[in-house]
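This report concerns only the one structure given below.
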Amino acid sequence: QVQLVESGGGLVQPGGSLTLSCAVSGTIFGVFSVGWYRQAPGSQRELVASITSTSVINYADSVKGRFTISRDNGKNMAYLQMNSLKPEDTAVYYCNVHLYQYDYWGQGTQVTVSS
């Protein structure tokens, strides 16, 4: 059974930083692409950043230069380093892994950016 567990969310002031972690179990993590998504209240879930099995990386325009996605296949972990956080980054952040028809999600972690 594939499981994804996010951690690292919390309350941070504008301009602050957080690092989200995603622990993946129950599968061969290295072959999957990883995506970090977020969903704010009243909004659709959006892709924030992604990294393929060959480490090709993409970012949403809204987070370029501020967020960094990474993965450690040896530890079955994915990360999202978030710097210069803004109030509009407030959302529930979800980790996703996918490969062809296989698509798995974590339960989400809340990130709140507020003074």
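The values are calculated or read from the model by the stated rules, or taken from the named source; none is laboratory data. Not measured: the values here are computed from a predicted model. Note that we place each Cβ from the backbone using ideal geometry, even for glycine, and neighbour counts take in every protein chain shown. Quick note on the areas: whole protein, heavy atoms, side chains included, nothing else; ligands and nucleic acids left out. Shrake-Rupley method; radii C 1.70, N 1.55, O 1.52, S 1.80 Å.
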Which net charge results for the neighbourhood of Ser17, defined as the other residues with beta-carbon distances under 13 angstrom from its beta-carbon, given Lys and Arg at +1 and Asp and Glu at -1? +1
If you place +1 on the Cβ of every Lys and Arg, -1 on the Cβ of every Asp and Glu, and leave all else neutral, what size is the dipole of the chain about its Cα centre, to the nearest 20 Debye? 120 debye
Neighbours of Ala78 by Cβ distance under 12 Å: Lys/Arg at +1, Asp/Glu at -1, summed charge 0
If you roll a 1.4 Å probe over region 1-112 with all protein chains in place, what percent of the accessible area is carbon or sulfur? 50 percent
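Can you give the accessible area per residue of the chain, in Å², using a 1.4 Å probe?
52 Å²
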